[in-house]
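Chemist: This is the structure I want to talk about, given as C-alpha cells.
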Amino acid sequence: MSRYNFKSWMVKAGAVAALLTTTGCAEYYIDKLEHVQSDGYPFAKALKAEYEAYAKTESRVNYDQIDGSAFAVKGLQAAHGLEVLPEDPEMWDIPADKLPMLFEARERLLFAIHKSGRVIAPDLAARAQVSYDCWVNEMEEGFQPKEMGKCEMAFKQNLIELEKAVDQHTPTFSINFDYNSPVLRKDAMVTLDRVAKVAANMSDFTIKVTGRTDVVGGRKFNLRLSQKRAENVKDALIKMGVPGNRIEAVGAGEFGKKEVEPKHRRVDIEIS
C-alpha cells in the first residue's frame, strides 16, 4: 500500500510520530486538523473540511488508521495553504487495467480545478477531489465493491457539476477610465487587487486584458489609447505579483456605436 505524500510528511515529522502508538495515530492527526486555523483561500478551507470528514470515516467507521492518518495529513497541508493534489493512481497498488480510467478521470479533475473551478466553485471542487481520492483508495483495497461504487458515483457526479460550472463562468472584471485617459483611477486598484487574489489561487491560468474606448477621437487615436489602457492594467497586475507571462494585453479600439458612452471607456479582464 503506497502513501507517498503521507510518508514524505511523516519523515519530516518523525520526532513527533515516534511518540505515537499505531492505534492512536489517525486520531492524533485528526485532532490537530480539528483545531488548526485555516489560513488559505476558500478552496483550501473546503478541502481541509472534506479531508477531515473523510479521515474520520476511515479512522472511526472503517477502523483504518493508515488511511485515516494519510487523509488527515492532506487536510492539514490544505489548511496551511499548501497545494494538495488528488492522489496519483500510479503510487497505489491498483490493477494495471484500471489505471487508464483513473488517469483520465484525474486529468479531467485537475483541468476543471485549475481552470477556475477552485475559484468559482471551491466547495464543489473540494468534494470532487476528495471523492476521487476515496475512489482510488477503495479501488486499491478491492474488498468493498459497494463502497467503491459509492465513491466512484459521487466523484463522477461532482466532476460533471464542476465542469458545468467552469464552462458557464469564466471570471471577468472591468476597469473604467476617464475621458481620453489611460491613467488608472483610484477605484481601479480595488478591482485589480481582486484579480490578483483570484490569480494567486490558480496554478494554471491566463489573463486576457482587453482595452476599449468610446467612439470619440478617431479610430487610430482610440486604438493607441485602448492599447495603453490595457498595458497600464497589465503593469499594475505585475506590480501586484501576477506573472507577466500569464497576461495578454490587447487594445481593441472603439466599442459601441456613435453615441458617447462612458461605460465603453474601459478594460475587460478575463481569467481562464
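The values are calculated or read from the model by the stated rules, or taken from the named source; none is laboratory data. Predicted model, so just to flag it, every value in this text is computed and none were measured. Please note: Cβ atoms are built from the backbone with ideal geometry, for glycine as well, and neighbour counts cover all protein chains shown. For the accessible areas, the whole protein counts, side chains as well, though only heavy atoms, and no ligand, DNA or RNA atoms are used. Shrake-Rupley method; radii C 1.70, N 1.55, O 1.52, S 1.80 Å.
Chemist: For the range 133-272, what is the charge dipole size about the Cα centre, in debye to the nearest 20, if Lys and Arg each add +1 at the Cβ and Asp and Glu each add -1 at the Cβ? All intermediate terms of the calculation are to be shown ahead of the outcome.
Modeler: Numbers: 23 positive and 22 negative charges, 254 e Å.
So the dipole magnitude of the range 133-272 works out to roughly 1220 debye.
Chemist: Set Lys and Arg Cβ to +1 and Asp and Glu Cβ to -1, take the dipole of the chain about its Cα centre, and tell me which of 272, 158, 76 lies farthest positive.
Modeler: Positive-most Cα among the choices belongs to 272.
Chemist: Something else: Treating the Cα atoms of the chain as identical point scatterers in vacuum, please give the log10 of the normalised Debye intensity I(q)/I(0) at q = 0.16 Å⁻¹, two decimals.
Modeler: Once normalised to I(0) and log-transformed, intensities are -1.11.
Chemist: While we're looking at this one, here's another question. What's the magnitude of the charge dipole for the range 91-204 around its Cα centre, counting Lys and Arg as +1 and Asp and Glu as -1 at the beta-carbon? Answer in Debye, nearest 20. Spell out each step's value before the answer.
Modeler: Values: 14 positive and 18 negative charges, 107 e Å.
My answer is approximately 520 debye.
Chemist: Angle, helix 122-141 long axis vs. longest principal axis of the chain, Cα atoms, 0 to 90°, nearest 10?
Modeler: 30 degrees
Chemist: For the chain, what does the helix formula give at 222 nm: sum of -39500 (n - 2.57) over DSSP H segments with n ≥ 4, over the residue count, nearest 500 deg cm²/dmol? Could the numbers behind the result be given before it?
Modeler: Numbers: 10 runs with 146 residues, N = 272.
Rounded to the nearest 500, it is -17500 deg cm²/dmol.
Chemist: Quick check: with the 1.4 Å probe, what order do 255, 173 take by accessible area, largest first?
Modeler: 255, 173
Chemist: At a probe size of 1.4 Å, how large is the accessible area of residue 110, to the nearest 10 Å²?
Modeler: That residue has around 30 Å² of solvent-accessible surface.
Chemist: Output the pairs from 164/239; 197/220; 32/197 with a Cα-Cα distance over 30 Å in this structure; if there are none, say none. Intermediate results must be reported in sequence, preceding the final value.
Modeler: Working: 164/239 33 Å; 197/220 35 Å; 32/197 28 Å.
Those over the limit are 164/239; 197/220.
Chemist: Take 238, 271, 66 and sort them by solvent-accessible surface of the protein heavy atoms, 1.4 Å probe, largest at the top. Mind showing how you got there, number by number?
Modeler: Numbers: 238 70, 271 0, 66 90 Å².
So, going from the largest accessible area down, we get 66, 238, 271.
Chemist: What figure, in Å² to the nearest 10, do you get for the accessible area of residue 35 with a 1.4 Å probe and non-protein molecules left out?
Modeler: The accessible area of residue 35 comes to roughly 140 Å².
Chemist: Positive end of the dipole of the range 46-146, charges at C-beta (+1 Lys, Arg; -1 Asp, Glu), about the Cα centre: which of 94, 109, 136 has its Cα farthest in that direction?
Modeler: 109
Chemist: Give me the net charge for the shell around residue 154: Cβ to Cβ below 12 angstrom, other residues only, Lys and Arg +1, Asp and Glu -1. Walk me through the numbers before you get to the answer.
Modeler: Values: positive: 127, 150, 156; negative: 50, 133, 138, 147, 152, 161.
Net local charge, residue 154 excluded: -3.
Chemist: How many angstrom lie between the C-alpha centres of the range 118-191 and the range 74-113?
Modeler: Each part reduced to its Cα centre gives a spacing of 15 Å.
Chemist: Where both residues lie in the chain, what percent of DSSP beta bridges are antiparallel, nearest 5? Each step should come with its number before you reach the end.
Modeler: On the way: 10 of 16 bridges.
Once the DSSP bridges in the chain are tallied, antiparallel ones form about 60 percent.
Chemist: Exactly which trypsin sites (Lys or Arg not before Pro) in the range 45-99 are in a DSSP loop and have at most 14 other Cβ atoms within 10 Å? Each step should come with its number before you reach the end.
Modeler: Values: sites: 45, 48, 56, 60, 74, 98; in loops: none.
Passing sites in the range 45-99 do not exist.
Chemist: Keeping all protein chains in place and using 1.4 angstrom, which order do 97, 187 fall into by accessible surface area, from largest down?
Modeler: Working: 97 115, 187 85 Å².
From most exposed to least exposed: 97, 187.
Chemist: Follow-up question, since we're still on this one. Quick one: accessible area per residue over the range 114-263, 1.4 Å probe, rounded to a whole number of Å²? Before the final figure, lay out each step's value.
Modeler: Working: 7850 Å² over 150 residues.
Accessible area per residue, the range 114-263: 52 Å².
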